[in-house]
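Here is the structure we will look at.
The values are calculated or read from the model by the stated rules, or taken from the named source; none is laboratory data. Everything numeric in this text was worked out from a predicted model, so none of it was measured. Note that we place each Cβ from the backbone using ideal geometry, even for glycine, and neighbour counts take in every protein chain shown. Accessible surface areas use protein heavy atoms only, side chains included; no ligands, DNA or RNA. Shrake-Rupley method; radii C 1.70, N 1.55, O 1.52, S 1.80 Å.
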Amino acid sequence: MKGGQVIDLLQSGLLTGNAVLRDMYKILLRFTYKVLFHQIIAWIVYGKLLDFYSEFFIYKVENKKSDVTTKGFTIEFDKKKENKNALLEELKINDSKQDILEADWDSVYSLRFSMLPQSIISIKLAENILFIGKAQRVLQIKNQTNDNFSTDSLKILQQLTSSDIIDTLLFQNTIEKIRFEIAQKLMKVIVEEEALVENLQNLKSYYFMEKGEFYHIFIEESRNLMKLPPKASAEFDINGMVYPNTLSRLNWEESKLMKLIKFKINHNGFEFNHFSSLHGLNVLGNVTQKKNHNYMRFEQMRSPKESGCMWYNIKQSFENGFKMSFSIRFKRGIST
């Protein structure tokens with residue numbers, strides 16, 4: 001038992017008629033609240049998880065190896081950094097580039113319902129807290145600042161860290177106020193600064209082919225190149241000759257959007273370190289992939305019709321030869 005489970009247990013203990021026990025539960029709750037609200041503040045203010053033992057109700061779905069790894073924030077620390085202030089400084093300063101640039105809105109951060117102290121935090125309130133931290137991360141990337149909501153709200157949260165009993169209504173109203181302020185700033189960034197409407201129009205024009213003449217002329221210009229398998233120079237040929245010629249024929253050379261577009265060509269070769277995902281592969285016949293396993297199995301053949309095969313779904317050029325390496329494991333049969 002840990003995290004929110006401990007808080008719910010201690011909260012139920014407050015219902016006792018024994019005054020001595022009730023006072024003891026209040027003391028224990030004061031310390032558990034302190035940990036919980038430090039975690040909440042770290043997430044809301046900095047967009048970081050201060051969670052070394054997987055006890056916070058928000059967690060990072062995909063973690064990476066480090067000296068200390070949890071399902072949330074991972075940090076390298078020593079004895080000198082075990083106090084609260086040093087850890088908070090670590091949260092504010094040492095952001096890795098990969099941590100900042102990851103597209104984490106939908107898939108990376110989620111709620112861990114088993115650690116949610118539902119006696120003081122409802123599921124709806126937890127979702128609001130999750131939203132605030134995610135939005136904070138986006139705004140930090142854009143503005144490089146943590147000043148995205150009023151200091152009064154932060155002071156209220158800091159006061160709750162030393163409380164014996166949580167004013168749930170005050171807590172809910174404070175979180176809702178922060179969510180509203182963050183949502184307004186996030187909307188301004190997405191709709192105004194990042195030109196959402198303009199980008200949607202571009203999506204309609206090119207992805208949904210409202211401006212079909214672009215694709216028509218591009219296909220004409222690249223026809224001879226596309227007849228051949230991709231070479232090492234194919235990407236340069238597309239971006240250096242075919243694409244500029246297309247823009248020239250359409251008189252779109254001055255378009256700001258067109259200057260931002262670059263075509264990427266998949267070169268020869270592919271690599272599968274494991275087969276937990278079949279993305280990019282075609283499978284046929286007596287081949288199975290078991291759930292939560294990272295390998296493919298060619299099942300025992302009882303007749304030639306039961307053979308199996310798999311292949312990469314992008315045509316490869318091997319005019320200059322090719323190299324291949326793979327690993328295979330044979331299962332020892334049992335004779336009867």
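So, with a 1.4 angstrom probe, what is the percent of accessible area on the stretch 148-232 that is carbon and sulfur?
Details: 3310 of 5690 Å².
C and S atoms contribute 58 percent here.
Extending 7 Å from the Cα toward the beta-carbon at both Asn294 and Asn313 defines two label points whose distance is 2.3 nm. Summarising the label geometry, the points placed 7 Å from Cα in the beta-carbon direction at Glu127 and Leu111 lie 0.6 nm from one another.
Between Gln158 and Lys142, what is the label-to-label distance in nm when each label sits 7 Å out along the Cα-to-Cβ direction? Each label point lies 7 Å from its Cα, and together they span 2.7 nm. Heavy-atom accessible surface of the stretch 9-56, averaged per residue, reaches 47 Å², computed with a 1.4 Å probe.
Using a probe of 1.4 Å, the accessible surface attributed to Phe214 totals some 10 Å² when neighbouring protein chains are kept in position.
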